[in-house]
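Data block below; observations after.
The values are calculated or read from the model by the stated rules, or taken from the named source; none is laboratory data. If you're wondering where the values come from, they're calculated on a predicted model, not measured in any experiment. With ideal geometry, Cβ positions are generated from the backbone for all residues, glycine too; neighbour counts draw on all protein chains shown.
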Amino acid sequence: MSQRTMPRWKSKRTAETRKVEELLRTRFPGADAYRYNSASIRVRIIDPRFEGLSPEQRDALVEPLLDQLPENTQADIINLLTLSPSEVAGSTSRSLPNIEFEDPSPSML
């Protein structure tokens, strides 16, 4: 029997990042967020609608929701990853931003 451990980023969720997830999941069920350090929140959204879109087009789909968050929360979202399912399943799942989201390096703060 194998034992499954929780990814490190999941232990970094806070009440604030859960609210970010709750809001984003109204349109993007594959949204996750955690607080990396006292000044930074990381957000990753995996959604098929991002397939074939530029980063700017992806951000444009997400920004109206982010605009609904309190200003201090918006200011702390430093990292926003918008990925299609094929990007997560393919070789880009090993991209540095996705690796860093999954297994955050120690913060200097």
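For the subset of segment 11-49 comprising residues that are basic (Lys, Arg) and touching a strand residue (DSSP E or B) at 6+ places or on another chain (Cβ under 7 Å), which member is surrounded by the most Cβ atoms within 10 Å (Cβ to Cβ)? Write out each step before concluding.
Filtering segment 11-49 for residues basic (Lys, Arg) gives 12-13, 18-19, 25, 27, 35, 42, 44, 49.
Checking the rest, the ones that are also touching a strand residue (DSSP E or B) at 6+ places or on another chain (Cβ under 7 Å) come to 12-13, 25, 35, 42, 44.
Numbers: Lys12: 17, Arg13: 15, Arg25: 15, Arg35: 19, Arg42: 24, Arg44: 21.
Looking at residues that are basic (Lys, Arg) and touching a strand residue (DSSP E or B) at 6+ places or on another chain (Cβ under 7 Å), I get Arg42.
Out of all the residues in segment 39-46, is one or more out of contact with any Pro (no Cβ under 6 Å at 6 or more places or on another chain), of a type in the set (D, E, K, R) and free of Cβ contacts under 8 Å to residues at least 24 places away in the same chain?
Scanning segment 39-46 turns up no residue that is out of contact with any Pro (no Cβ under 6 Å at 6 or more places or on another chain), of a type in the set (D, E, K, R) and free of Cβ contacts under 8 Å to residues at least 24 places away in the same chain.
Suppose we filter segment 13-29 for residues that are closer than 14 Å to Leu81 by Cβ and either among the basic types (Lys, Arg) or at pLDDT below 95 (or both); how many remain?
Total meeting the criteria: 0.
Going through segment 60-70 one residue at a time, which ones are surrounded by 17 or more Cβ atoms within 10 Å (Cβ to Cβ) and free of Cβ contacts under 8 Å to residues at least 40 places away in the same chain?
Val62
Are any residues in segment 76-98 part of a helix (DSSP H, G or I) and either closer than 14 Å to Ile41 by Cβ or touching a strand residue (DSSP E or B) at 6+ places or on another chain (Cβ under 7 Å) (or both), and if so, which ones?
Residues satisfying the conditions are Asp76, Pro85, Val88, Pro97, Asn98.
Give segment 60-94 a look and list any residue that's within 15 Å of the chain's Cα centre (by Cα), modelled with pLDDT under 95 and among the charged types (D, E, K, R), or say none.
Matches in segment 60-94: Glu87 only.
Restricting to segment 50-70, name every residue that is assigned to a helix (DSSP H, G or I) and at positive phi. Before you say what the answer is, go through the steps one by one.
Filtering segment 50-70 for residues assigned to a helix (DSSP H, G or I) gives 50, 55-66.
The answer is none; no residue qualifies.
Exactly one of (1) part of a helix (DSSP H, G or I); (2) surrounded by fewer than 16 Cβ atoms within 10 Å (Cβ to Cβ) is unmet by Thr73. Its number?
In the conditions (1) part of a helix (DSSP H, G or I); (2) surrounded by fewer than 16 Cβ atoms within 10 Å (Cβ to Cβ), Thr73 misses (2) alone.
Can Phe101 be described as in contact (Cβ under 8 Å) with a residue 24 or more places away in the chain, assigned to a helix (DSSP H, G or I) and not hydroxyl-bearing (Ser, Thr, Tyr)?
On the way: in contact (Cβ under 8 Å) with a residue 24 or more places away in the chain: yes; assigned to a helix (DSSP H, G or I): yes; not hydroxyl-bearing (Ser, Thr, Tyr): yes.
It is true that Phe101 is in contact (Cβ under 8 Å) with a residue 24 or more places away in the chain, assigned to a helix (DSSP H, G or I) and not hydroxyl-bearing (Ser, Thr, Tyr).
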